[in-house]
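Asker: Below is one structure. I have some questions about it.
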Amino acid sequence: MFLEHPEESEAVARIFDSDLEREGYVMNLTRLWAWRPDVFEAFTATRLLLTGESLLTDREVAVIVCATASTLGCAYCSLAWGNKLTKLAEPALAAAALGGPPSADMSAREAALATWAHKVVVDPNATTADDVERLRTSGLSEREIFEATALVAFRLAFSTINDALGAQPDWQIAEAASPEVAAVVGFGRQPAKRAA
């Protein structure tokens, strides 16, 4: 990352320990967010509040995040969420959500959500009532449309901070990617190198 590492503190240790417990290592993005552990934890809690009560399925959430991150050109979130989506669906569907070839396994709802995420990232002022009607026609409720849009906005904010300040995708995430996901994610920052 482009910033120096912050000084050690109880709050920094807390978010690092959380990564170690969950991932087995401290993620590069967590080292960046260690400059404001309070904001990181509040951001995470708000995102979990949104997804925890969402009517969208875990797979639909992953499709939204993949479409958002790849449209933005964020390799970090594309690889991480491509890996998550691969655990919920076929690798071909994850690759499709990241902008790769279409997948027959993607439902009409998922395809509509991916298209919506792309439009919101590219130009939120260019969306139309017809775009929202297509979401309704695909079976999405008003609440789900709001939730999907909020998820896009949350991911944009998170990914923008990580990318602008040089957080590289962790080598562990890159190595865990399926060949289908790895082949599609040829944009953004290159993953960190494994230590020798």
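The values are calculated or read from the model by the stated rules, or taken from the named source; none is laboratory data. Predicted, not measured: the structure shown is a model, and the values here were computed from it. Heads up, the Cβs are rebuilt from the backbone with ideal geometry, glycines too, and the neighbour counts pull from every protein chain shown.
Asker: What is the residue count in the range 1-55 for residues that are part of a helix (DSSP H, G or I) and not basic (Lys, Arg)?
Answerer: Selection size over the range 1-55: 31.
Asker: Only residues that are without any contact (Cβ under 8 Å) to a residue 60 or more places away in the chain and outside any helix (DSSP H, G or I): list them for the range 83-99, please.
Answerer: Ala89, Glu90
Asker: Are there helices (runs of 4 or more DSSP H) fully within the range 100-196 with at least 1 residues that are surrounded by fewer than 17 Cβ atoms within 10 Å (Cβ to Cβ) and touching a residue at least 60 places away in the same chain (Cβ under 8 Å)? List them. Break it down stepwise before answering.
Answerer: On the way: elements: 108-122, 129-137, 142-164, 171-176, 179-184.
Per the criteria, 142-164, 171-176, 179-184.
Asker: With respect to Thr30, is the statement that it is buried (at least 16 other Cβ atoms within 10 Å of the Cβ) and free of Cβ contacts under 8 Å to residues at least 40 places away in the same chain true?
Answerer: yes
Asker: Further question on the same structure: Would you check if Asp163 is assigned by TED's automatic domain parsing to the domain that holds Cys77 and more than 30 Å from Ala195 (Cα to Cα)?
Answerer: When the stated conditions are applied, Asp163 does not pass them.
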